[in-house]
Amino acid sequence: MTGGPVTTDGTTTQTQTDAEAAQLARGAVAPLPAGPSEAPRLACVGVTMRFGGLVAVDDVGLSVPPGQIVGLVGPNGAGKSTLFAVVSGLLRPTRGQVLLDGVDVTGASAQARAARGLARTFQHPELFTSLTVRDHLVLAHRVRNARRRVWSDLFTVGSLHRPRAAETDDVDGLLELLGLTDVAHHPAMGLPLGTARLVELGRALATSPTVLLLDEPSSGLDSAETEQLERVLRRATRERGISALLVEHDVELVMRLSSTIYVLDFGKLIASGTPEQVRADPTVQAAYLGEELADTRDTTDTTDTTSAVGAGEAADEADAAEAGDAVDASRERAADGDGPAGPAAVAQASAPGPALATARPDAGDRDAALGAGPAGGALLTVDGLAVRYGEALALGGVSFTMGTGTALAILGANGAGKSSLARAVSGLVPPSAGRVVFDGQDISAWRPHRIRRAALVHLPEGRGVFRGLTVIDNLRMAAGASGGRRARREAVDLALEIFPIFASRRRQVAGLLSGGEQQMLSLARALATSPKLVIADEMSLGLAPKMVDQVFDGLARARQAGVTVIMIEQYVHRALDFADECLVLQRGTVAWQGPTTDARGEVLRHYLGDATAADT
């Protein structure tokens, strides 16, 4: 550890090993204050976490000084949740140390760390629905200060034992700090999400922690609730001297609250410093835009499919050798399918791959392509769309219009409402307000299967394939909903033209494909339905760069065939190169909307924030 080895009494000496100095030189370990009085409350030293061959966290170091809030941010899959689990004791690191007030707690359980002053909140409030707000704080207070009372309370009939005066004062102070005095005697069931999050925060504070771990505390909150949470956190750290490690996708909130910010990307610490330094760091900007893929990601797909591919190709060669089998295969291709696929589409599919990823069809191509909307009108109109999950407002007043053959990139941090928008448009969740008009019809109240049959296809996050079926059977099932025999055959053939890799693997079981190939098959299944509009939700998630290229190539080919595309994508620069228009969501509302040529600066501004301090 920087600052010296840990002694038996928990103090540190002021020596530094050569190995530690080398770690500091390469930036793997965050420098810790030198003086004993300035020693960090929490420190990670060279923490590495492996899951088999996957390195989720790679030689990361950070420190949280007394009475300060330190932010931990990064794009999706950066390793934040894994590091948080290591710090809280839910995971034991493969290598490295976790230090709490100078004491090595790497091997200690989560309960032991809590006893030493570590408390945490969770992404989803975990409350006892039958207990009141005050009871939650009282029980947490007793866990720290009167553990025997916790057990005796289990046998109390009707209510808790009468609290002592000191306990009452502490709980009253917490209720005032949290702004929950007026709801102190309300049961947790039915509390608004913002209030429930404050109760969970209060429960953590009631244990008198020295270090507080905050896991997405603003997730699902509206602007007013977020400002209230921000004020509470500022007061808690200032008045109670509590240190906090904040993991949060609302980077602007992190910028306002934190004295120091650490940025992870693909498990590595890529930057640390003040909010101003981090916001201006080109490496951080590139990470949030999804750039420099080859430098930050593994360039191979980790699934071993060599033997499976060989078996599939051998089966296909055997099929081709027999004329009867070839005829049967042709007939089988006609067994299931949906909609026409014209010769122009097939011709487009044979175009060179790399240039297609950023190619945008011109207006003449769009007018002649498949998937045309009503004459002279927009293909999709979203007007004032809102989505609620209970008390939480996930989406509020979103509006946009799309013409035939266009592409829209929907961007925003986690929890911004991107997937909720996709689900509302495709009918997977009912809108609480607004309407969706597709191809001239109001589909706001339609069931998902009816929307799908209208040629609007939603590819949700994950790989939508039948793993136990072969590639060709997956395509036939997708194409089998409607259309004549010839149209179904042409739809399947078009999907194979767009993804020629599957033409030689028609007999291969989908579950034996690599992760990237399964994602491509999911897209191929969507295209086999002859869609007018495809919603692609994080199609590149978890894929190696080469596979990302192929997925984008497939989407570009589909677009040249006249398909309209809504893209939700973590690799922002790829999405902006692909799409015509961009819509940036922030806390469920449209923060910016315009052409992709003007979007990069706006995206960075809304991702990394124009931090302004909230009223305290």
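The values are calculated or read from the model by the stated rules, or taken from the named source; none is laboratory data. Keep in mind the model is a prediction, meaning the values are calculated, not measured. Here the Cβ positions follow ideal geometry from the backbone for every residue, glycine too, while neighbour counts run over all protein chains shown. To get the accessible areas, we keep the full protein, side chains included, count just its heavy atoms, and leave off ligands, DNA and RNA. Shrake-Rupley method; radii C 1.70, N 1.55, O 1.52, S 1.80 Å.
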For region 437-453, enumerate the residues that are in contact (Cβ under 8 Å) with a residue 60 or more places away in the chain and touching a strand residue (DSSP E or B) at 6+ places or on another chain (Cβ under 9 Å).
PHE438, ASP439, ARG452
Of the residues LEU205, LEU212, LEU245, which single one is over 25 Å from the mean Cα position of the chain (by Cα) and either of a type in the set (Phe, Trp, Tyr) or crowded, with 21+ Cβ neighbours inside 10 Å (or both)?
LEU205
Hits in region 57-99 (condition: crowded, with 24+ Cβ neighbours inside 10 Å and over 19 Å from ASP265 (Cα atoms)):
VAL64, ILE69, VAL98
Candidate set: region 396-445, residues that are of a type in the set (D, E, K, R) and on the phi < 0 side of the Ramachandran plot; chosen: the one least open to solvent (accessible area, probe 1.4 Å):
LYS418
Boolean, THR283 is open to solvent by 30 Å² or more (accessible area, probe 1.4 Å) and farther than 24 Å from VAL590 by Cβ:
yes
Of the residues that make up region 575-584, is at least one open to solvent by 10 Å² or more (accessible area, probe 1.4 Å), out of contact with any strand residue (DSSP E or B) (no Cβ under 6 Å at 6 or more places or on another chain) and under 22 Å from PRO448 (Cα atoms)?
no
Tell me which residues, restricted to region 42-56, are open to solvent by 10 Å² or more (accessible area, probe 1.4 Å) and farther than 21 Å from SER243 by Cβ.
MET49, ARG50, PHE51, GLY52, GLY53, LEU54, VAL55, ALA56
Quick one: in region 507-518, of everything that is in a loop (DSSP other than H, G, I, E, B) and out of contact with any Leu (no Cβ under 8 Å at 6 or more places or on another chain), which residue is farthest from ASP473 (Cα to Cα)?
SER514
Just checking, which of LEU174, LEU212, LEU178 is within 21 Å of ARG144 (Cβ to Cβ), of a type in the set (A, V, I, L, M) and in contact with a His (Cβ under 9 Å, 6 or more places away or on another chain)?
LEU174
Regarding region 474-482, can at least one residue be identified that is farther than 25 Å from SER540 by Cβ, touching a helix residue (DSSP H, G or I) at 6+ places or on another chain (Cβ under 7 Å) and open to solvent by less than 20 Å² (accessible area, probe 1.4 Å)?
yes
The residue from VAL465, VAL382 that alone is outside any helix (DSSP H, G or I) and in contact with a Phe, Trp or Tyr (Cβ under 6 Å, 6 or more places away or on another chain) is VAL382
Looking at SER444 and the list (1) within 28 Å of the chain's Cα centre (by Cα); (2) among the small types (Gly, Ala, Ser); (3) in a loop (DSSP other than H, G, I, E, B); (4) at pLDDT below 90, which single condition is not satisfied?
(4)
In region 218-228, is there at least one residue being open to solvent by less than 10 Å² (accessible area, probe 1.4 Å), within 30 Å of GLY412 (Cα to Cα) and modelled with pLDDT of 90 or more?
no
For THR597, only one of the following conditions fails: (1) open to solvent by 40 Å² or more (accessible area, probe 1.4 Å); (2) closer than 21 Å to SER419 by Cβ; (3) hydroxyl-bearing (Ser, Thr, Tyr). What is its number?
(2)
VAL436: in a helix (DSSP H, G or I) and at pLDDT 95 or above, yes or no?
no
